[in-house]
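Beneath this line is the structure, given in structure tokens, with notes to follow.
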Amino acid sequence: MTYCVGLLLNQGMVMLSDTRTNAGLDNIATYRKMFSFSVPDERVIVIMTAGSLSISQTAIARLTEAVEDAEATAETSILMAPTMLKVAEIVGATLARVRAEVDDKLAAMRQNALASMIVGGQRRGGAMRMFLIYPEGNFIEATEDTPFLQIGEHKYGKPILDRVVRPDTSLADAQKAVLLSMDSTLRSNLSVGMPLDLAVILADECRIGLQRRIEAGDEDFRAMSEAWSAALRDSFARMPM
């Protein structure tokens, strides 16, 4: 399993994913779950994936092939699509096709596989938009009322987002929020693990302003985790009966 979270804010977007993939207690591996596509100064798109690795990897590979195709059109390439809504439609259709193909192969074994995605980005002249793509290919969009989306093991990291994140949250505070959301998930679910991939997209600049990998043992992440734990313990001790 995995955990990915994306925030849609007035100042930009903040996206964070883990990299753990497990197929049983003794088969754990690291795979990237965050992928970026861009045309400098024209558009930027970040996709995060959760669920079946075979489905998500195949879907990303096909999206990449479509981008690189010499005969690509606005109907097939996310880097040529006229709107972010069209990007979501292309990603959703690709994910649904791949899922259907895999389901056909697994049907004889009475098994199935699912994957979901978060797609966020902006094209020049358009608004920043973020979508959660379901396994069936349909999707929902982040809004001012709910300016964040999650996929994977989301329940442990949701409370802090509900309490802290608003559209006017600064990008600095947003990074703290997603990292603490991930920290809560790491502590409560062994199927989510380091390293982490973090990306910040700046509003109206059509570029990734920050992208980095946070490895296990990262001192800044460890310090933030310990400070958060101490703050929670102190608040708990001070809470009246």
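The values are calculated or read from the model by the stated rules, or taken from the named source; none is laboratory data. Just so we're clear, the structure is a prediction, and the values are computed from it rather than from any experiment. Cβ placement follows ideal geometry from the backbone for every residue including glycine, while neighbour counts extend to all protein chains displayed.
What pairs come out if I take residues in region 148-169 that are on the phi < 0 side of the Ramachandran plot and pair them with residues that are β-branched (Val, Ile, Thr) whose C-beta lies under 6 Å away, six or more apart or interchain?
Phe148/Val165; Leu149/Ile118; Gln150/Val5; Ile151/Ile118; Glu153/Thr185; Glu153/Val192; Tyr156/Thr185; Gly157/Thr185
Are any of the residues in region 72-92 in contact with a Pro (Cβ under 9 Å, 6 or more places away or on another chain), basic (Lys, Arg) and either surrounded by fewer than 21 Cβ atoms within 10 Å (Cβ to Cβ) or at pLDDT 95 or above (or both)? Step through it out loud before you land on a result.
Within region 72-92, the subset in contact with a Pro (Cβ under 9 Å, 6 or more places away or on another chain) is 74.
So of that shortlist, the ones also basic (Lys, Arg) come out as none.
Looking for residues that are in contact with a Pro (Cβ under 9 Å, 6 or more places away or on another chain), basic (Lys, Arg) and either surrounded by fewer than 21 Cβ atoms within 10 Å (Cβ to Cβ) or at pLDDT 95 or above (or both), one finds none in region 72-92, hence no.
Given the conditions (1) more than 25 Å from Gly51 (Cα to Cα); (2) crowded, with 19+ Cβ neighbours inside 10 Å, report the number of the one that Ala227 does not fulfil.
The failed condition is (2).
Run down Ala72, Ala96 and say which single residue is more than 17 Å from Val46 (Cβ to Cβ) and more than 21 Å from the chain's Cα centre (by Cα).
Details: Ala96 fails: more than 21 Å from the chain's Cα centre (by Cα).
Answer to the selection: Ala72.
Can we say Tyr134 is touching a Lys or Arg at 6+ places or on another chain (Cβ under 8 Å), on the phi < 0 side of the Ramachandran plot and not hydrophobic (A, V, I, L, M, F, W, C)? It would help to see each step written out before you state the result.
Numbers: touching a Lys or Arg at 6+ places or on another chain (Cβ under 8 Å): no; on the phi < 0 side of the Ramachandran plot: yes; not hydrophobic (A, V, I, L, M, F, W, C): yes.
Judged against the criteria, Tyr134 is not a match.
Those residues that are free of Cβ contacts under 8 Å to residues at least 12 places away in the same chain and of a type in the set (Val, Ile, Thr), I need them from region 125-142; list them, please.
Selection gives Ile140 alone.
May I ask you to list the residues in region 206-241 that are over 21 Å from Asp173 (Cα atoms) and small (Gly, Ala, Ser)?
The answer is Ala216, Gly217, Ala237.
Would you point out the residue of region 147-201, among those that are at pLDDT 95 or above and among the polar types (S, T, N, Q), that is surrounded by the fewest Cβ atoms within 10 Å (Cβ to Cβ)?
My answer is Ser170.
Could you please give the count of residues in region 160-194 that are aliphatic (A, V, I, L, M) and in a loop (DSSP other than H, G, I, E, B)? Spell out the reasoning first.
Start the filter on region 160-194 by keeping residues that are aliphatic (A, V, I, L, M), which leaves 160-161, 164-165, 171-172, 174, 177-180, 182, 186, 190, 192, 194.
After this cut, where a residue has to be in a loop (DSSP other than H, G, I, E, B) as well, the list is 165, 190, 192, 194.
The number of residues fulfilling the criteria is 4.
Condition first: among the β-branched types (Val, Ile, Thr) and surrounded by fewer than 19 Cβ atoms within 10 Å (Cβ to Cβ). Now tell me which residues in region 32-46 satisfy that. Don't jump to the end; show me each part of the working.
The first filter runs over region 32-46 and keeps only residues among the β-branched types (Val, Ile, Thr), leaving 39, 44-46.
Result: Val39, single match.
Hey, any hits in region 156-166 for a residue that's within 15 Å of the chain's Cα centre (by Cα) and closer than 15 Å to Val46 by Cβ?
Step one: of region 156-166, the residues within 15 Å of the chain's Cα centre (by Cα) are 157-158, 161.
Among the residues that remain, those that are also closer than 15 Å to Val46 by Cβ are: none.
The answer is no, given that none of the residues of region 156-166 is within 15 Å of the chain's Cα centre (by Cα) and closer than 15 Å to Val46 by Cβ.
Among residues belonging to region 33-54 that are modelled with pLDDT of 95 or more and in contact with an Asp or Glu (Cβ under 9 Å, 6 or more places away or on another chain), point out the one that is nearest to Lys105 (Cα to Cα). Give the steps one after another, and end with the answer.
Going residue by residue through region 33-54, those that are modelled with pLDDT of 95 or more are 33-39, 42-50.
When the remaining residues are screened for being in contact with an Asp or Glu (Cβ under 9 Å, 6 or more places away or on another chain), the result is 33-34, 44, 48, 50.
On the way: Lys33: 24, Met34: 26, Val44: 34, Met48: 25, Ala50: 20 Å.
Filtering first and then ranking leaves Ala50.
What pairs can you find where one residue is in region 195-219 and assigned to a loop (DSSP other than H, G, I, E, B), the other is of a type in the set (Gly, Ala, Ser), and their Cβ atoms are less than 9 Å apart, with a gap of 6+ or different chains?
Pairs that qualify, where the first residue is assigned to a loop (DSSP other than H, G, I, E, B) and the partner is of a type in the set (Gly, Ala, Ser), are Pro195/Ala216; Ala203/Gly12; Asp204/Gly12; Glu205/Gly12; Cys206/Ser38; Cys206/Gly121; Ala216/Gly193.
What residue, of Leu63, Leu95, Leu79, is part of a loop (DSSP other than H, G, I, E, B), in contact with a helix residue (DSSP H, G or I) (Cβ under 7 Å, 6 or more places away or on another chain) and either without any contact (Cβ under 8 Å) to a residue 60 or more places away in the chain or closer than 25 Å to Pro167 by Cα (or both)?
Details: Leu63 fails: part of a loop (DSSP other than H, G, I, E, B); Leu95 fails: part of a loop (DSSP other than H, G, I, E, B).
From the options Leu63, Leu95, Leu79, the qualifying one is Leu79.
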